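Asks: Supplied in structure tokens, the structure appears directly below.
What follows draws every value from the coordinates through simple rules; no lab data is involved. Computed from a predicted structure; not experimentally measured. Neighbour counts are summed over all protein chains in view; Cβ atoms, including those assigned to glycine, are modelled from backbone coordinates with ideal geometry.
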Amino acid sequence: MSDSNLQQSIKVRDTISRMSFYDPPLENRNPEEHLLMDFNEPPLPPPKEVIDKIAHFLKKRAHAYPVYSDFLEVLSKYTGASQDSLLLTNGSDQAIDVILRCLLESGEEVAMAQPGFAMFKQVAGTIGCQVVGPLFPPDLHFPHEELKDAVNPQTRLIVVVNPNNPTGTSVSQDQIEDLLKTFPDVPVLVDEAYFEFTGQTCVPLLPNYPNLIIIRTFSKALGLPSLRLGYVIARPDFIVHLKKIRGPYDVNLVAVLAAREQLNHPEHWQGVVRHLMDESKPALEKYFDEQQVKYYSGAANFMLVEPHNIVKATTFLKENKILVRPMNQPISHTFRMSLRMMPDMRRFMEVYSRFLNA
Ligand SMILES: Cc1ncc(COP(=O)(O)O)c(C=O)c1O
């Protein structure tokens with residue numbers, strides 16, 4: 001379509017027309033060809049039992065609308081939250097979308113330490129809102145006091161990503177509780193996308209803090225990013241409002257069945273989590289220490305690496321079929337890499353050594 005045709009096309013809201021879309025570099029990624037360390041994905045496919053469940057469903061039940069009640073019972077046991085405190089979403093991206101649309105009017109602000117997970121800014125932008133907040137300092141510790149200072153009468157939501165993507169920073173329970181106490185009238189959203197890697201959760205705080213909202217995902221440790229399943233945990237009186245925004249069938253039943261199988265039989269994914277955190281992570285850190293490569297040891301299944309020359313390092317890795325994620329400002333001197341099983345980590349170290357010795 002030519003530019004002139006584009007100009008004549010449908011007039012959209014000014015807020016949307018001014019924005020660009022969130023365009024993660026997914027083009028030409030091929031799991032058969034590349035070692036994928038760029039999107040914090042699980043290193044292995046789900047076990048056969050999960051695939052069998054999906055195949056059975058597709059043969060028998062794909063022609064009926066989804067119902068979620070059985071799964072909510074399982075998820076309630078897993079999270080320790082009552083069923084009416086849970087809302088399933090189409091990935092936790094949709095959780096971010098429904099929560100922000102529920103809370104924010106145009107011109108209001110979200111407070112979040114930066115850089116944080118990009119979808120918060122994207123969704124806020126569609127509502128005409130800004131994400132503001134302090135930068136992580138050079139050592140990447142959580143800028144707790146500075147975040148509190150950023151809260152003002154326009155702030156309608158505080159976001160804490162714990163551990164933070166992309167910095168890997170862990171935020172303590174005390175710091176989160178302090179935010180909940182200091183700003184009782186401002187909702188505090190804690191994004192626990194990487195909860196299974198840390199075991200640290202705010203769920204026990206829910207009875208004491210009605211302003212707490214938690215989101216999680218089945219895309220990371222639970223191994224199902226392509227199926228799109230996330231969820232919100234919050235007080236039931238907030239969940240009912242979110243239900244007005246999320247459609248009744250937005251979450252597909254293939255994702256739900258696969259997730260139920262993962263929760264009922266956690267041995268496989270828990271084994272992978274232990275392998276990544278207890279073997280891959282220490283081995284990589286030891287390697288970087290020995291090679292005097294600067295890195296930031298995060299709390300989740302990824303870390304930031306600071307090579308002497310970011311362009312040369314990421315290009316060399318790519319030429320050797322290893323994809324990592326170069327970061328944007330203010331950490332554009334780093335790349336983020338996901339942890340994988342030890343054979344893949346050994347391949348990374350072998351290639352990186354060749355880069356260092358080139
Ligand atoms: C912190 C954080 N939150 C949310 C998400 C979104 O995950 P999904 O939409 O796949 O559930 C991600 C994905 O990278 C993330 O890192």
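Asks: For residue 250 and residue 146 in the same chain, what is the full-extension length gain: residue separation times 0.36 nm, less their Cα-Cα distance, in nm?
Replies: So the chain would gain 33.7 nm between residue 250 and residue 146.
Asks: Shape call for the chain from the C-alpha gyration tensor, a ≥ b ≥ c root eigenvalues: rounded (a/c under 1.5), prolate (a/b greater than b/c) or oblate?
Replies: rounded
Asks: Of the DSSP beta bridges with both residues in the chain, give the percent that are antiparallel, rounding to the nearest 5.
Replies: 50
Asks: In whole Å, what is the distance between the alpha-carbon centres of segment 239-254 and segment 198-235?
Replies: 16
Asks: In terms of Cα to Cα distance under 26 Å, which lysines are near enough to residue 244, apart from those fewer than 8 places away along the same chain?
Replies: Here the lysines satisfying the reach criterion relative to residue 244 are 77, 121.
Asks: Separate question: Would you mind working out the magnitude of the charge dipole of the chain relative to its Cα centre, with +1 at each Lys and Arg C-beta and -1 at each Asp and Glu C-beta, to the nearest 20 Debye?
Replies: 900
Asks: Something else about it: Could you calculate the contour length gain from residue 34 to residue 294, that is, 0.36 nm times the residue separation minus the distance between their Cα atoms, to one decimal place in nm?
Replies: Difference between extended and current length: 91.2 nm.
Asks: Can you return the lysines within cross-link range of residue 318? Criterion is Cα-Cα under 27 Å, with same-chain partners fewer than 8 residues away left out.
Replies: Cross-link targets: 220, 281, 286, 294.
Asks: Separate question: Taking the beta-carbon count within 10 Å as an exposure proxy, list 54, 158 from fewest neighbours to most.
Replies: 54, 158
Asks: In terms of the Cα gyration tensor, with a ≥ b ≥ c the square roots of its eigenvalues, is segment 105-249 rounded because a/c is under 1.5, prolate because a/b exceeds b/c, or oblate?
Replies: rounded
Asks: Once you have the Cα-Cα distance between residue 67 and residue 44, take 0.36 nm times their residue separation minus that, and quote the gain in nm to one decimal.
Replies: 5.4 nm
Asks: Kindly rank 63-71, 149-157 from highest to lowest mean number of other beta carbons found within 10 Å of each residue.
Replies: 149-157, 63-71
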